[in-house]
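First comes the structure, then the notes that go with it.
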Amino acid sequence: MRTLLLILSILCFGSCKPSLITYRNGYIFDKQGETIGNYANGYIYSPKRILKGYYSNGYIYDDNHNIIGNYANGYVNVKMKNKDD
């Protein structure tokens, strides 16, 4: 469950719309239910097993250990970056 937050860091390249990302059984899913990553042992990976972030204690961190979101009850909330930033 916690690795879902790490995968959300992968998706921080969008608009400011709230994410509808879910996680379960080691996989991270987008709003269409397609797999967009994996999580395990505090790490978040892309589908090609590239490290994208970390998760711990309800928070998702980027690779610089900055908090970029949180996760709970199968859902992820990530601060999305604007394309202007």
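The values are calculated or read from the model by the stated rules, or taken from the named source; none is laboratory data. For clarity, every value in this text was computed on a predicted model and none was experimentally measured. A quick note on method: Cβ atoms are made from the backbone with ideal geometry, for glycine too, and the neighbour counts reach across all protein chains shown. Just so you know, the surface numbers come from the protein's heavy atoms only, side chains and all, with ligands and any DNA or RNA stripped out. Shrake-Rupley method; radii C 1.70, N 1.55, O 1.52, S 1.80 Å.
Below, the figures for the structure above:
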quantity: Spin-label model distance (nm) - ALA72 vs ARG24, 7 Å beyond Cα toward Cβ; calculated: 2.0 nm
quantity: FRET efficiency for ASN41 and LYS79, using Cβ-Cβ distance with R0 set to 25 Å, rounded to 0.05; calculated: 0.55
quantity: Fraction of accessible area attributable to carbon and sulfur, the range 17-71 (%, probe 1.4 Å); calculated: 46 percent
